[in-house]
Ligand SMILES: [Zn+2]
Ligand SMILES: [Zn+2]
């Protein structure tokens with residue numbers, strides 16, 4: 001045993017300990033200071049005889065890797081853009097899958113859509129479920145998938161709440177209820193309405209009465225929302241007018 005240190009009970013010295021002691025001129029290193037964070041407490045761990053603590057070394061390595069990845073992405077940005085476009089063109093259902101799940105999360109509504117569900121809806125015939133017109137998929141953004149009960153009303157992001165529609169119907173229906181759109185769109189025949197509702201019944205495994213109730217609720221929700229909005233607009237108008245009168249006085 002060299003000077004300056006006492007061997008504790010059960011303290012087994014390994015080869016790396018001896019190396020450390022040798023490097024330190026025969027003095028045992030009882031505490032070690034990290035060259036980066038200058039931590040010296042016993043909690044600061046060192047591997048072998050590194051000058052920097054394990055925490056600092058891991059952080060440095062992570063920073064280096066992140067920086068490397070950033071540079072790599074910058075170098076390959078154009079390449080990636082092309083790849084992403086190709087991927088989206090080949091797998092439109094996966095784009096819908098991730099986008100709809102993101103939107104469901106944003107609208108705080110339930111989502112159990114799987115990739116298989118997304119593929120399933122894409123594989124249905126390219127015909128609008130509402131107006132019955134054929135969808136020309138060669139035209140960009142012509143194919144839309146509508147949430148029958150809108151997600152803004154709490155409509156779920158599940159296979160049974162989805163229908164393939166044309167761009168006109170999707171834009172026109174907007175965040176409205178199915179019943180409302182059925183009343184407004186002349187091409188949305190009773191036969192097609194029945195087909196949409198029956199498909200909801202089949203896919204959800206619910207009864208017709210249950211689906212009808214959901215659709216009625218969706219319609220009442222829409223009317224209540226519109227009434228509420230009208231009242232709010234009216235109240236704000238009164239406030240504005242009162243302000244104007246006060247200013248005039
Ligand atoms: Zn450190
Ligand atoms: Zn349509």
request  = Considering each of 58, 74 in turn, give the residue that is on the phi < 0 side of the Ramachandran plot, modelled with pLDDT of 85 or more and exposed (fewer than 11 other Cβ atoms within 10 Å of the Cβ).
outcome  = 74
key: The lone exception for residue 108 - which of (1) in contact with a strand residue (DSSP E or B) (Cβ under 7 Å, 6 or more places away or on another chain); (2) more than 16 Å from ligand 2 (Cβ to nearest atom); (3) in a loop (DSSP other than H, G, I, E, B) it fails   = (1)
ask   = If residue 221 passes every condition in (1) within 22 Å of residue 96 (Cβ to Cβ); (2) out of contact with any strand residue (DSSP E or B) (no Cβ under 6 Å at 6 or more places or on another chain); (3) modelled with pLDDT under 95 but one, which one does it miss?
value = (1)
remark   = Sole miss for residue 124 among (1) surrounded by fewer than 16 Cβ atoms within 10 Å (Cβ to Cβ); (2) touching a residue at least 40 places away in the same chain (Cβ under 8 Å); (3) more than 16 Å from ligand 2 (Cβ to nearest atom); (4) closer than 25 Å to residue 194 by Cα is condition (3)
request  = Can you confirm whether the stretch 168-183 contains a residue that is surrounded by 18 or more Cβ atoms within 10 Å (Cβ to Cβ) and touching a residue at least 60 places away in the same chain (Cβ under 8 Å)?
outcome  = no
query = Which one of the conditions (1) surrounded by 13 or more Cβ atoms within 10 Å (Cβ to Cβ); (2) at negative phi does residue 154 fail to meet, given that it meets all the rest?
reply = (2)
note = Picked from the stretch 93-105 (must be touching a strand residue (DSSP E or B) at 6+ places or on another chain (Cβ under 9 Å) and surrounded by fewer than 19 Cβ atoms within 10 Å (Cβ to Cβ)), the residue farthest from residue 166 (Cα to Cα) is 105
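The values are calculated or read from the model by the stated rules, or taken from the named source; none is laboratory data. All of these numbers come straight from a predicted model, not from anything done at the bench. Cβ atoms come from the backbone with ideal geometry, glycine included; neighbour counts cover every protein chain shown.
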